[in-house]
Every structure is written in structure tokens, then in C-alpha cells.
1. When the residues of region 296-335 are filtered to those that are surrounded by fewer than 17 Cβ atoms within 10 Å (Cβ to Cβ) and among the charged types (D, E, K, R), which remaining residue is nearest to residue 348 (Cα to Cα)?
2. Please go through region 318-355 and give me each residue that is of a type in the set (Lys, Arg) and closer than 20 Å to residue 446 by Cβ, ordered by number.
3. Looking only at helices (runs of 4 or more DSSP H) that lie completely in region 1-81, which have at least 1 residues being under 23 Å from residue 486 (Cβ atoms), of a type in the set (Lys, Arg) and more than 30 Å from the chain's Cα centre (by Cα)?
4. Any residue at all in region 642-658 that's acidic (Asp, Glu), surrounded by fewer than 18 Cβ atoms within 10 Å (Cβ to Cβ) and within 26 Å of the chain's Cα centre (by Cα)?
5. So which of 466, 484, 451 ends up being of a type in the set (D, E, K, R), touching a helix residue (DSSP H, G or I) at 6+ places or on another chain (Cβ under 9 Å) and at pLDDT below 95?
6. Among all residue pairs at least 6 apart or on different chains, which show Cβ distances below 6 Å where the first residue, located in region 469-490, is surrounded by fewer than 21 Cβ atoms within 10 Å (Cβ to Cβ) and the second is part of a strand (DSSP E or B) and not aliphatic (A, V, I, L, M)?
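The values are calculated or read from the model by the stated rules, or taken from the named source; none is laboratory data. A quick note: this is a predicted structure, and the numbers were derived from the prediction, not measured. Quick reminder, even Gly has a Cβ in these numbers, built from the backbone with ideal geometry, and neighbours come from all protein chains shown.
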Amino acid sequence: MTTRRPNDRLAALATRAGFEVEWQDAHHHTQHVPEKTLGTLLERMGLPCGNVTDIRHSAAALEAELSGRRLPPLMTAVIGRGIALPAAAVRSGSHYRIELESGSIIDGRFTAPKGEEALLAPIDETGYHTLVINDQRMTLAVAPPRCYTVADAWRTLHGGGGEGEREAAPPAPPLWGIAAQLYGLRRTGDGGIGDYTALAQLARHGAQRGAHALAVSPTHAMFSAQPERFSPYAPSSRLWLNVTHIDPAAVFGADASASASAQAGNAWSKYEELPLIDWPHATPLKLTVLRALYEQFSANERPQHSPRALEFHGFCERAGRGLEDHARFEALQAAQLAQGGDGHWRNWPDALRDPRSPEVEAFAAAHRDEVDFHLFLQWLASRGLLHAQHTAREAGMAVGLIADLAVGCDSAGSHAWSYPDDMLQGVSVGAPPDLFNQAGQSWGLTTFSPRAMRTQGFAAFIDMLRAAFAHAGGIRIDHILGLRRLWLVPEGESARNGAYLRYPLEDLLRLIALESWRHRSIVIGEDLGTVPSGFRERLDEHGIEGIRVLWFEGAPDGNGFKAPADWDRYAVGTTTTHDLPTVAGWWRGSDIMWRNRIGQTMARADGRDPEEAALEERAQQRADLWRAFQQAGVAAPEVAPPDADNAPVDEALAFVAATPGPLVTFPLEDLLALDEQPNLPGSIDEHPNWRRRMTLPVDAMFDDPVFTDRLLAVDGARRAAARSSNTSAEPDTP
């Protein structure tokens, strides 16, 4: 593939806006982003460039934003370090005042700035402080030098913890946790979709057997009126919660739930028995039951201002305009679809595309009960997820729930509608062509505009972080490489016709660290794939743990697999992820057979059957992995590898448990020795993505001696890792 260089003026504007006009492909060849692509992307960032005059005006507007002649709405800094301000915005002799969050005041005066920067003295208090210079006010977000870590969580559990350098925190023993797809959990009475009550059960049982964390699939808000859109990584909003995971009995009790569920009849239990979730039917049924519950609540409790009604009112007051916007969107989308309209808000009538329009206000007033129903759902979802986190911590987990923060949200959803000035419009996040996806990828997701981040004071990004941290003891940031740059594709274009857009990495890392400590929550970054040189070191400096997966931990010489002791000591280890084969599936080659079945395998130059060749290669990989197990002492020596249908699941779990990272997570699919993975990337309907349910209810899992023996074994292996590394005393198990 070859591309022509864009013209100099357009390229200069694009570069100033943060686009990379050149990029290296998978073959290390330099590619130039086409002029048409750059022009479209710039237009969609609000920088017209259709002709020379447009380019000149856009360049001037951008230069005014970036020149530093006025202070930005927010700047980030690190506690105890000097703060550089743009000299153009500061006059010599100007007085300044810093109003600290604690209420203290720092007064001072600038001397003549030298060079291009004026310096403020270091601030020794983290927080969102206000800097006042003459008539200008800005926020100084002063962050700790690193995030809250697993070691801090362990120390907090045992009565300590403070904002310090990584070395200042006593090392935690190697802890372990469970990773679960929330929707796939089973519980009697769940209506066919895993719920927050089942999550609380899993947390309690797991903690009782030594687990200190429970990593969960994304709980972001989906589309109530479009239940066929159920991928947790393509949410409507990353600010609110998935209401399909509500347990109707959790707040109002079994009797009220039974009364509300009566109209569901046998369908409720029918969906519970299915091996795959029937989202298009189970979701409306769940909402029907919840609506009946809401009507009971509205009739019997809200008029009397019961304690629950007051709690609901307080929740809505604290959540503010953002929650109201989401509820209005849910009601509006349902109304548009009912009238035969489009589910995408950009295709609604003009007045309804603006969340602040009089027409939207009038709709909300005319449909107040419907809007309140969606507020009610978010209240119940928040209570359910918080209950699961409290259960985890009360049962003895140092971390508790680890929420999953998706890389973006669906451009048709409430997040994009509610934050039109902050989100990129008309583009999709994706990936350029590589060895595995030669056409590139376009995921249909949007995210924040870095230009808007600067001009809006990072407000939307901070709101998203707070929403992610609010119900958990940690977050996993999906595709954390996106904090540095994202591949953007104009909607309707081939994924190969995209460009990388740079993000203010240092600012984002500081804000993550600040919110991490304010919420006492750890941060894990999904740093898999092609990682730029030095990026993992940057994450490590900021206390963000990476992820290391068994399948990708090959020996440095390319021969076999790394020994457990050679794994990254600052990363979270795991056997697999939701996008990769389980241990049993990998050993059998199920992922290879699936890819061949849906047409993802490529023809070979030697004419061999691609599936047959891949399975032969997997046989060699099995032998290599088995040898690594033997060398690590987790498999019997001088014994041949098990055959393809008898995966060494216990050995794989023990192998990863012996790695030195601060935390290891074991997917439920591997703890149950299941064959199928939750998601097969690149497939839509060909594979049952995000639909598989666990084979046993949560309580029954812990009555299964094979399952509980595995938990006992991994707990013992992590304790052994603690002793062998001599990092700390063994964790106390409830």
C-alpha cells in the first residue's frame, strides 16, 4: 500500500492539531495519511480546511488556543514539583493567589519570567486547587507521583496507606483474584442475565477462599430500547450503569419482586435455563418487571417520602444534570423508535439533537414519569454494584471489584449526545492494517476530543474516571495505549483510511493518579499488542500495572515460554482474557477451528489446509508449554504432554500463580476448565459473543469440589510465591 504526501499547509495544520501525518505499518514501511482523510478528520474536529482560506483561519484559531496567551481552564502538576506556566499569560509583577481545596491560601508575586515559562513554587497538597492571576482563574490539578497500587490496598487493609513513591509502600504479598463476565453469572431468579447480586455472591465466596480482587466485565450503560446492542465494550455511556444486571428483589425484597414478576409468567424461568443469553427477549422482560416495581414504588412510597424515596431523591440530586441527560436520552430514543424513527440521535429531528434545546426540555416535562423510570433504574443499578463492592471488602478483599473501562462508547449513545462538545463526532476508533487484520479495524466507537479536553478543562474525562472508580476498588483501562494516541477513521471510510491522533498523555496519567488516590483504587492498563518503546516504563512510573497473558509470554530467544520468575514484576498476570482462548480451548485448538469456521484463516502459499497447519503448529506450542510447566515444577517430569482433549488446566493455573506480579487474576472460564471463550474478535453473529453463561449458579460452583480444589491450589501457589520471593508475610485469609 502506498500513499501520497499531503500538501504542506494541510499537513502543518494536521500536525499542530495532533494528527500524525505519517505512520509505520506492520512491515515497518512509512505510510502517509491521504489528504482526503486528513481533511475529513480536521473538519470533524471543528477545523475547516476545504481551501487555503479555511486552512489559514483554522490554523489561526488553533494557534490562539495553543499559544499560551491565556491560561487554560485546567493544568496538571505533581505534588512537590515546580509548576511551569506559559509566560505569555503572565505579566511580570503580577500577584497570584492559590486557593487550596483544604481552604488554605497561598499568595505570591511573579518576577520577570525567563524564556518561555513562569514558575510557581511547588504545592505540597494534592487536589483540584484554584489559581487566580489578576482576572484569570484556572484549576491546578496537583496529583500524587503515582497511582494507588496493590501494595497500598494491602497496607490500607492492615491499617496504613498514604500518597508516596512506589518504594515508600511496603510490598504486598502476591495476591490473586477472579475475573468474571458479569452477564454470564448464574443465580436462581436472575431472569436469564447475570446480576449484581450474583456478583456479590461471587465476591463473598471468593474472598472466603483467599481472593483479594474480582475483575468484572464492563458495567457501562447500554441501550434499553435496543437490547440487540449488548456488547459491553460498545456502551451507550461510560458514565452510567447497565440496568439489565439489576436484581429486582435486592432493594424491595422477594415479595415485591414476585408481585412485579408475576406478569412475566414462565418466561422468566425459561430464559434462566438457556445456555446462551437471549438479549433481545430477556432484556425487555427484565425491564417489564422493573417497570412494575417502579410503579409500586411511585404509588406507595414516593408520595409519603419514605426512607427509600428520600434516598432515591438524594441519589438524583447528587448525580445532577448528567444523569438527567442520560434518562432523557433513554426516553427520547424509545419514543423515536416507537414512531418508526432512527435509533441514532444524529438522525433525530434537529431540535432533539441538542440536549439543551427547549424541545428536549418540553419532552422531558411531558414524559416526566418515563424519565424518572430511567433515573430509578440507575439508582437500583448503583445500589446493586455498590453492594457487591461492599460485600467484597467486608469479606476481606484488599481490592474488591476491578471495573473495566471501555476504550470508547457508541457514537449513537447517550454519552455522545450529552457531551457533543467534548466527544469526537463522525469518526470511529479502530486500528490500522496489521498482519492479522490486513483491512484494519473500525470499531464504531467514539471518544473524547483532545482539543476539547484542553478547552473544556478535561471535565468530561474526569467525570468518566469518577464514574469508573465510584463502585470499585480498581479499574482496568481497556487499550491504555489510547491515552497516547488513537487510530481514527472517518465514518463510512475503510479502516485503512485513518490516522493516529495524539492525546495529552502526561495530563491524563496525572488525572488518573489523582482520582485513583481520591477513591483508593488501583489502576491496571491493558497494554497488549504492539506497545511503543518506553510506554510501559511510563505506566510503571505512574503506578499503573500492565497485563501479561500466558499465551504472549514467549521466551526472549523465541524458543518456548518464559519461566514464571521472568514475568514482569509490575504487571498483573493471567492465563487469558475475554478476547483470547481459554486454557482448555487453546490446548484443543478451539480458537483455530472457530476462526476457520467463520472465514478468518488465510490461504497459505504452500497450498496446505490452513486449519490443519495451524493445529500442527499448536501441537508444537503445546509441547513447548508443557516443557515450561515441567521446568517450573508444576507438571510431572518425564511425562508426555496430555492429548488435545485433556488440557492441563491445573498446571496452567499453578504456572501463572507462580509469577511475581503483585496480582494474578484467574478467569472463571479457566477455573471451571471451560472450552469456549467469551468473545471472538472480528466476529459478529458468527460466534456467540457476550452470550455464554456459566454452567453452574454461583453458589453451586462453590459446592463443586473440583472448583474449590482449584481455588485452594491457586491460593496455595500464591502463598508459595510470597515465601519464595520473600516479599512479605502471607495474607490473612478470612
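1. 321
2. Step one: filter region 318-355 for residues of a type in the set (Lys, Arg), giving 318, 321, 328, 346, 353.
Scanning region 318-355 gives 328, 346, 353.
3. Details: elements: 8-17, 35-44, 52-66.
Hits in region 1-81: 35-44.
4. Looking for residues that are acidic (Asp, Glu), surrounded by fewer than 18 Cβ atoms within 10 Å (Cβ to Cβ) and within 26 Å of the chain's Cα centre (by Cα), one finds none in region 642-658, hence no.
5. Values: 466 fails: at pLDDT below 95; 484 fails: at pLDDT below 95.
Only one candidate qualifies: 451.
6. 485/500; 485/502
Conditions (1) within 13 Å of the chain's Cα centre (by Cα); (2) under 14 Å from residue 239 (Cβ atoms); (3) not in a loop (DSSP other than H, G, I, E, B), marked per residue:
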{"residue": "444", "(1), (2), (3)": "no, no, yes"}
{"residue": "451", "(1), (2), (3)": "no, no, yes"}
{"residue": "468", "(1), (2), (3)": "yes, yes, yes"}
{"residue": "471", "(1), (2), (3)": "no, yes, no"}
{"residue": "482", "(1), (2), (3)": "yes, no, yes"}
{"residue": "486", "(1), (2), (3)": "no, no, yes"}
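Residue by residue, here is whether (1) modelled with pLDDT of 95 or more; (2) in contact with a helix residue (DSSP H, G or I) (Cβ under 9 Å, 6 or more places away or on another chain) holds:
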| residue | (1), (2) |
| --- | --- |
| 472 | yes, yes |
| 494 | no, no |
| 497 | no, yes |
| 507 | yes, yes |
| 515 | yes, yes |
| 551 | yes, yes |
